1. Among the residues of the stretch 41-78, which ones are under 17 Å from N132 (Cα atoms), surrounded by fewer than 19 Cβ atoms within 10 Å (Cβ to Cβ) and of a type in the set (V, I, T)?
2. Working carefully through the options T135, T81, T100, find the one that is open to solvent by 40 Å² or more (accessible area, probe 1.4 Å), touching a Gly at 6+ places or on another chain (Cβ under 8 Å) and among the β-branched types (V, I, T).
3. Can you list the helices (runs of 4 or more DSSP H) found entirely within the stretch 361-474 that contain at least 3 residues being crowded, with 23+ Cβ neighbours inside 10 Å and on the phi < 0 side of the Ramachandran plot?
4. Among the candidates A318, A307, which residue alone is farther than 30 Å from A467 by Cβ and out of contact with any Leu (no Cβ under 8 Å at 6 or more places or on another chain)?
5. Of everything in the stretch 505-518, what is farther than 13 Å from Y451 by Cα and either part of a helix (DSSP H, G or I) or basic (K, R) (or both)? Give them in sequence order.
6. Go through the stretch 35-87 and give me each residue that's touching a residue at least 12 places away in the same chain (Cβ under 8 Å), closer than 17 Å to S112 by Cα and not polar (S, T, N, Q).
7. Do we have F194 as outside any strand (DSSP E or B) and either more than 30 Å from L484 (Cβ to Cβ) or free of Cβ contacts under 8 Å to residues at least 40 places away in the same chain (or both) here?
8. Those residues that are free of Cβ contacts under 8 Å to residues at least 12 places away in the same chain, open to solvent by less than 80 Å² (accessible area, probe 1.4 Å) and more than 12 Å from I283 (Cα to Cα), I need them from the stretch 326-347; list them, please.
Amino acid sequence: MDIKKGIYIAVFVLFLCPCLGSAGDIVHRDNNAPTRPGCENNFVLVKVATWVDGVEDIEYVGVGARFGPTLESQEKHANRTKLVLADPPDCCSTPKNKLTGEAILVHRGKCSFTTKANIADEAGASAILIINNRTELFKMVCEANETDVDIRIPALMLPQDAGATLENFIKNSSSVSVQLYSPRRPLVDVAEVFLWLMAVGTILLASYWSAWTAREAAIEQDKLLKDGSEEFLNMEGVGSSGIMDINTTSAILFVVIASCFLVMLYKLMSFWFIEILVVLFCIGGVEGLQTCLVSLLSCFRWFQHAAESFVKVPFFGAVSYLTLAVCPFCITFSVIWAVFRRISFAWIGQDILGIALMITVLQIVRVPNLKVGTILLSCAFLYDIFWVFVSKWLFHESVMIVVARGDRSGEDGIPMLLKIPRMFDPWGGYSVIGFGDIILPGLLVAFSLRYDWLSKRNLRSGYFLWAMSAYGLGLLITYVALNLMDGHGQPALLYIVPFTLGTLLTLAKKRGELKILWTRGEPERPCPHIEHQLS
């Protein structure tokens with residue numbers, strides 16, 4: 001298909017993609033909710049395992065209160081306790097039923113949360129489960145004028161539907177038991193290791209493809225130059241076919257355009273808008289997968305004739321027979337993913353389409369020198385920090401994280417992410433990374449390899465090995481920070497950009513080549529005018 005169409009699709013998808021590495025929050029630090037001694041717990045998610053008449057039933061999720069003791073983190077150490085209903089239901093006065101260590105299920109009422117917990121504690125309950133009057137969870141805090149906050153039993157809130165289900169079981173004379181615990185995430189999950197390998201591998205493949213293309217173009221130019229061909233002179237000032245170089249202006253505009261798209265996603269986030277993003281992602285994925293497959297298959301001599309034979313197709317122009325053969329498969333693959341994207345293993349198809357799209361973008365879009373790369377990554381660095389951290393002050397929530405999770409859309413996140421299910425995480429969920437966290441630093445890494453190949457340097461004396469290692473280390477630090485922050489979303493470029501860009505700038509300065517990399521970005525080549533005159 002027409003390569004320019006692929007460029008526009010790929011770049012458009014690039015602008016849509018938020019930069020984020022996240023595993024989902026299980027510990028919620030809230031600086032707005034008041035804290036004081038005895039009322040300073042973090043809001044943690046709590047698993048509520050249930051048994052009805054001795055048979056294991058649904059496991060619910062609640063949220064722990066600011067007050068009371070912390071819950072056991074390991075299921076095997078958590079006590080299994082009988083659950084009873086409060087009488088009166090709101091537990092704003094002493095229960096009529098005698099308690100001997102049971103957990104008590106109560107409704108939200110006129111009295112405060114701490115009053116309910118104190119009454120349940122004095123009545124002999126071992127824990128208090130408060131049913132919210134809405135489907136979502138609510139953070140239970142201490143009132144400003146309360147003094148009796150030395151609560152000795154754990155308290156947690158259940159969503160309305162979960163509480164109603166448990167209440168109906170008890171009212172129907174069923175025996176209900178609960179087990180409360182709040183497991184911690186493992187320090188490192190295998191999913192993060194695979195996600196790291198996928199991100200590094202994507203940049204590695206794209207860089208070698210970009211460098212190979214640049215070297216082939218340089219060899220072709222050298223041949224034309226030696227032959228004194230007029231064709232070379234006619235090519236002067238024209239870039240490689242299908243290649244789009246980013247300039248300083250477009251690097252700066254990236255932040256403005258990307259921010260506008262991000263705000264639009266945030267404001268318009270809904271089910272139908274996610275559907276539009278899925279369609280755009282599928283179009284970009286088809287283009288990327290087709291480009292990668294055609295390039296791969298054309299390396300084999302069985303497919304070379306089909307790759308070099310063209311037929312004219314209306315609207316698309318000249319299209320190779322190999323492209324025509326591959327295209328139906330790519331479209332079918334993309335459509336199948338879109339239709340079945342909600343099933344458990346659909347992340348595999350999303351990652352395949354995403355990686356193919358990113359490799360194609362890194363092949364098509366290039367930074368011509370270190371100056372443009374520095375401006376682009378510096379702008380992306382500020383963009384990432386602003387929309388993950390600073391936007392909380394303006395919108396009362398992190399715009400980047402809300403968009404990446406697909407809040408208010410009914411979908412499990414937007415499609416412009418690489419994702420892998422967390423395999424040994426008791427809370428489940430996915431480890432994810434935004435396309436921008438791979439594409440933007442990948443542009444600089446690919447530039448370093450193109451420079452090394454065109455200047456005929458080996459890995460040890462070049463820049464690519466250093467840039468690739470810096471990216472891998474920066475991404476590793478991102479996941480370390482992510483785990484230290486209990487799964488809170490982190491702007492990956494906050495860590496990746498200083499490592500990658502800082503390494504290249506420092507190394508170029510030390511070698512005395514900063515000026516060449518900064519302005520020209522390519523090793524010196526013979527002047528075509530002089531060569532033509534000498535011939």
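The values are calculated or read from the model by the stated rules, or taken from the named source; none is laboratory data. Not measured: the values here are computed from a predicted model. Neighbour counts are summed over all protein chains in view; Cβ atoms, including those assigned to glycine, are modelled from backbone coordinates with ideal geometry. Accessible surface areas use protein heavy atoms only, side chains included; no ligands, DNA or RNA. Shrake-Rupley method; radii C 1.70, N 1.55, O 1.52, S 1.80 Å.
1. The answer is V61, and nothing else.
2. Details: T135 fails: touching a Gly at 6+ places or on another chain (Cβ under 8 Å); T81 fails: open to solvent by 40 Å² or more (accessible area, probe 1.4 Å).
The unique qualifying residue is T100.
3. 370-385, 399-405, 436-454
4. Numbers: A307 fails: out of contact with any Leu (no Cβ under 8 Å at 6 or more places or on another chain).
It is A318.
5. Let us first name the residues in the stretch 505-518 that are farther than 13 Å from Y451 by Cα, namely 505-507, 509-512, 515.
Scanning the stretch 505-518 gives L505, T506, L507, K509, K510, R511, K515.
6. Within the stretch 35-87, R36, G38, C39, E40, V63, G64, A65, R66, F67, G68, A86 qualify.
7. Working: outside any strand (DSSP E or B): yes; either more than 30 Å from L484 (Cβ to Cβ) or free of Cβ contacts under 8 Å to residues at least 40 places away in the same chain (or both): no.
So F194 does not fit the description; no.
8. P328, I343, A346
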